[in-house]
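S.K.: I'd like to ask you about the structure that follows.
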Amino acid sequence: MASRPGTGRRMSAVRELDVALGARSYPIWIGRNLLQDAARWRRAIRGRHVLVVSNTTVAPLYLDAVLAGLSGLQQASLVLPDGEQHKTLDRCAEALGALATLKANRDACVIALGGGVIGDLAGFAAACWMRGVDFLQIPTTLLAQVDSSVGGKTGVNLPAGKNLVGAFHQPRAVVIDTGTLATLPEREYRSGLAEVVKYGAIGDAEFFDWLEREADALAARDSDAVAEAIARSCLHKAGVVARDEREDGERALLNFGHTFGHALETASGYGQLLHGEAVAIGMRLAARLSSDLGRAPAADADRLATLMQRLGLPVDLPAGSDADALLQLMYLDKKNLSGCLRLILWRGIGAAEIVPDVTDAAILQRLRSG
Ligand code: NAD
Ligand code: GLY
């Protein structure tokens, strides 16, 4: 079991959670200035060879601090160009080449320093090198801190679609230095808040209430509120991953709003809508579709929209959205089985569910109504 943020082990204001996966269990540390606290996270490195993978935006800000913590080890760093378009097999091959140059052994460790793009790519390189070596997640976006760094989904994109090649490969530890958010652009920060709202929406009504109370503090990046939101999000995700690592059931609920969201991201062209922005619009669509189908109170969809608006997130479909085109894109979602659409809907705040049999007509009607 993961420990509660309020009651779990606290060491000088560092919160420690646990992703409970038996012999592969690992800690999530959350605190300020953790990058400088190498004595803590170096324990997770077992061998002598370490490759740090980052990008051209994050490396100038934080790479030196990480490298300083690795003194005495055989270390190398790889700084990739910034952007989702570089989450490719070719860039992953660069990371594997860097491991080869380092003469990395099977006890090597890859450190992912950056947002979800770097985390997914570096984690996949670690999964591939010598059939799998250790990796450490040091996430520096809010989205990566509350979602992508936890749970072991790694991978890269293909021209045919996002995240089509990948592996489940759990990190050895997740090091969340909340101080790194100070340099994160406002829009990226708000986009990450959408994933925070998701945890309340899908499974924790009390957390949703807390988010409503703390919305202004979160929008203003109050450090205590942000740290608490990260800890509660990680606690939720750690629990889901411990119970359903390979997404045979409950883990699919984490995709609330994502089937609509991914379709929107693709339809609008990557980069137009950030992931969290598309997910926010998608969550509202999923909530309203649930009400259309008589599964959930309409008032809960309104509460969700109000909270997201207070956090500076969009909730309406972009003008000119093509409902038919969006529906076709939804059929490409990885959650679908045997060509049938499986949607994550809800019974109301805190109660998401998998619904395999929503008709195209109902979805189209909702997409046309916005
Ligand atoms: P990102 O990694 O592209 O980061 C967003 C931007 O912020 C980039 O320009 C990055 O360089 C910059 N940045 C990162 N940290 C910064 C900092 N501290 N200060 C200043 N700038 C900083 O995007 P993201 O939103 O973090 O992640 C999106 C990716 O995550 C997608 O590829 C998505 O598929 C993946 N993802 C994976 C999972 C999973 O479970 N593995 C879950 C959700 C999303
Ligand atoms: N972000 C969804 C998952 O990790 O399953």
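S.K.: Which residue is surrounded by the most Cβ atoms within 10 Å (Cβ to Cβ), if the candidates are limited to region 231-264 and must be at pLDDT below 95 and more than 15 Å from ligand 1 (Cβ to nearest atom)?
M.R.: Gly249
S.K.: When region 163-184 is examined, which residues are found to be near ligand 1 (Cβ under 6 Å from one of its atoms) and either among the acidic types (Asp, Glu) or out of contact with any Gly (no Cβ under 9 Å at 6 or more places or on another chain) (or both)?
M.R.: Thr180, Thr183
S.K.: Select from region 242-260 the residues that are assigned to a helix (DSSP H, G or I), within 14 Å of the chain's Cα centre (by Cα) and within 16 Å of Leu327 (Cα to Cα) and list them in ascending order.
M.R.: Once the filter is applied, which keeps residues that are assigned to a helix (DSSP H, G or I), within 14 Å of the chain's Cα centre (by Cα) and within 16 Å of Leu327 (Cα to Cα), region 242-260 yields only His258.
S.K.: Kindly evaluate Lys198 against the criterion of being in contact (Cβ under 8 Å) with a residue 40 or more places away in the chain, within 16 Å of ligand 2 (Cβ to nearest atom), closer than 29 Å to Ser290 by Cβ and buried (at least 21 other Cβ atoms within 10 Å of the Cβ).
M.R.: Here the answer is yes, as Lys198 does meet what is asked.
S.K.: Restricting to region 277-316, name every residue that is among the aliphatic types (A, V, I, L, M), touching a residue at least 24 places away in the same chain (Cβ under 8 Å) and in a helix (DSSP H, G or I).
M.R.: Val279, Ala280, Ile281, Met283, Leu285, Ala286, Ala287, Leu289, Leu304, Leu307, Met308
S.K.: Within region 114-128, count every residue that is closer than 17 Å to Ala93 by Cβ and surrounded by 23 or more Cβ atoms within 10 Å (Cβ to Cβ).
M.R.: 9
S.K.: Tell me, which residue of region 73-118 that is part of a helix (DSSP H, G or I) and among the polar types (S, T, N, Q) is farthest from the chain's Cα centre (by Cα)?
M.R.: Step by step, filter region 73-118, then rank; the result is Thr101.
S.K.: Being touching a Pro at 6+ places or on another chain (Cβ under 9 Å), closer than 16 Å to Pro314 by Cα, modelled with pLDDT of 95 or more and not aliphatic (A, V, I, L, M) is the requirement here; does Glu228 meet it?
M.R.: no
S.K.: Mind telling me which of the residues Leu51, Leu61, Leu35, Leu70 ends up being outside any helix (DSSP H, G or I) and in contact (Cβ under 8 Å) with a residue 60 or more places away in the chain?
M.R.: Leu51
S.K.: Now, a different point. Any residue at all in region 207-218 that's in contact (Cβ under 8 Å) with a residue 24 or more places away in the chain and near ligand 1 (Cβ under 10 Å from one of its atoms)?
M.R.: So far as region 207-218 goes, no, none of its residues is in contact (Cβ under 8 Å) with a residue 24 or more places away in the chain and near ligand 1 (Cβ under 10 Å from one of its atoms).
S.K.: Among Gly166, Gly179, which is small (Gly, Ala, Ser), at pLDDT 95 or above, in contact with a helix residue (DSSP H, G or I) (Cβ under 8 Å, 6 or more places away or on another chain) and more than 16 Å from ligand 2 (Cβ to nearest atom)?
M.R.: Going through Gly166, Gly179 in turn, just one is small (Gly, Ala, Ser), at pLDDT 95 or above, in contact with a helix residue (DSSP H, G or I) (Cβ under 8 Å, 6 or more places away or on another chain) and more than 16 Å from ligand 2 (Cβ to nearest atom): Gly179.
The values are calculated or read from the model by the stated rules, or taken from the named source; none is laboratory data. Computed from a predicted structure; not experimentally measured. So basically every Cβ, Gly included, is an ideal-geometry build from the backbone, and we count neighbours across all protein chains shown.
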